[in-house]
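Shown next, in structure tokens, is the structure this report addresses.
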Amino acid sequence: MDIESKITIIGGGIGGLVCAIALQQKGFNNIQIFERRTEAQSIGAGFVAWANASWVLNKLGLLDGLAKLGGRLKQMQRWTDQGEYLGGVDITKIDQGIGYPSYAVSQADFQQFLQHKANEQGIVIRNNQCVIDIEDNGPENSFLRFEDGSKTEADIVIGADGRMNSIARKYVQKENKPIYQNYINWVGILESDNPMPIENNVLDYWGCGTRFGIVPINKYKVYWAGCKALLLNNVNTADTDKQELLHIFNNWPTLIKRVIKETQDQNIKRIPIFDHNPNPNWFRNRVCLLGDAAHASLPTSGQGACQAMEDGWHLSEQMAALSTLPEVFNAYQDIRFEKTTAITISAREFASSLFNTQEAFCLKRNNIAKFTDYEKSANGMIGLWSKNLK
């Protein structure tokens, strides 16, 4: 590909930023990011940059920055809503199997770090720029049309504009209809004056149609998610999300109630959960999809941000290696589709189990979890997450 090509990225989230940084490091020097929000924001509270994401960040020289922001993890523990231990996956084994460390990190902190690195590399980030349409201009280029009526021309358009209202996905696949998966996530981030008794372990509590997870970033800072099976049009009758959460999780372990109570109201977000059916069509003409716009998986995958980073790396590799856009986009899609599809489907299956509301099913599920071979589970994660990492 011509390194002077005018590359436009729609979406200034983690995937778009990593892609821009990777492209710039490979010599592409005409990159712009258009972000619809007025300033940097993140929809989630935090995420785990698993070892496969650290592999990408190491390739880009960014792993030390992640290490300064995030906390290392030892185990992913499963518990019932009454505090009965169900077993745990050894995260250090996953890290050893892939060859890189996993870190829990604040999403806002990590996104700001990436923005700083992009700015250092001279990548132009334009906030408050809402793309509302993509127009063809023959085989040579495309135009982006903005909410204010203005337009910009691009040789290559990378759609990293998320799962819910992706203009790029609508252009490529002729539709953008995310599928509600019948549960709500409330996510939050807490910085406490007192240490949290977690010891670098991810705590995952399972109820019947409900779930609560806590992930430590350090001994004073955690992010969390409380989830419940609900109809999309369910009306919240509580005055605040915190009050609703305290009601839902009233009889759960004390640590959960402490985390909810100590989190400031403005640090709690209510998010209806959607994904997309896998679709093996990630590009059209000069427009290519990346991250959630291409393959939106549920939070139960634990891999949303990680797979977006992998996308950015692999797309940049193909753009540096191949001569024409059809070659680039086909190679990129061939590398990424099977892995991302497997992650999307497995996340749906896990969510279906977690948010089943039948008590007999949930008791059987928990009993199976007690006798799960967690070493085999770790090996399965290593096998899937390390796929296509060279």
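Key figures
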item: Selected from Gln24, Gln75, Gln264 as most flexible by GNM, with the chain as the system and alpha-carbon contacts under 10 Å; result: Gln264
item: Rg in Å to one decimal, and Dmax rounded to a whole Å, for region 320-390 via C-alpha atoms; result: 18.1, 57
item: Relative contact order of region 56-136, pairs being alpha-carbon contacts under 8 Å that are 6 or more residues apart, as %; result: 25
item: The chain: translational diffusion in µm²/s, Stokes-Einstein, Kirkwood Rh over Cα pairs, 25 °C, 0.890 mPa s; result: 114
item: For region 216-351, Kirkwood radius (reciprocal of mean inverse C-alpha pair distance, Å); result: 17.8
item: Rg(Cα) / (2.2 N^0.38 Å) computed for region 59-107, rounded to two decimals; result: 1.43
item: From phi via Karplus (6.51, -1.76, 1.60), per-residue ³J(HN,Hα) for region 113-126 in Hz, x at Gly/Pro; result: 4, 5, 4, 4, 5, 4, 4, 4, 8, x, 6, 7, 10, 10
item: Gaussian network model of the chain, Cα within-10 Å springs - most flexible of Lys177, Lys117, Lys364; result: Lys364
item: The chain, relative contact order [Cα under 8 Å, separation at least 6], %; result: 22
item: Where N is the number of residues in region 1-96, Cα Rg divided by 2.2 N^0.38 Å; result: 1.46
item: Equivalent-ellipsoid semi-axes of region 92-230, from the Cα gyration tensor, Å, largest first; result: 38, 22, 15
item: Where GluC sites (Glu not before Pro) in DSSP loops with at most 14 other Cβ within 10 Å are excluded, longest remaining stretch of the chain; result: 200-390
item: Choice from Ile217, Ile31, Ile189 with maximal GNM fluctuation in the chain (Cα, 10 Å cutoff); result: Ile31
item: Computed [θ] at 222 nm, helices only, for the chain once each DSSP H run of length n ≥ 4 contributes -39500 (n - 2.57); result: -12000 deg cm²/dmol
item: Disulfide-incompatible cysteines by the Cβ rule (no partner under 4.7 Å) in the chain; result: Cys19, Cys130, Cys227, Cys288, Cys306
item: Unit Cα scatterers, Debye sum, region 111-166: log10 I(q)/I(0) for q = 0.14, 0.21, 0.26, 0.31 Å⁻¹; result: -0.49, -0.97, -1.15, -1.22
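Every number in this text was worked out from the coordinates using simple rules, so none of it is lab data. What you are looking at is a predicted structure, and each value in this text was computed from that prediction instead of being measured. Quick reminder, even Gly has a Cβ in these numbers, built from the backbone with ideal geometry, and neighbours come from all protein chains shown.
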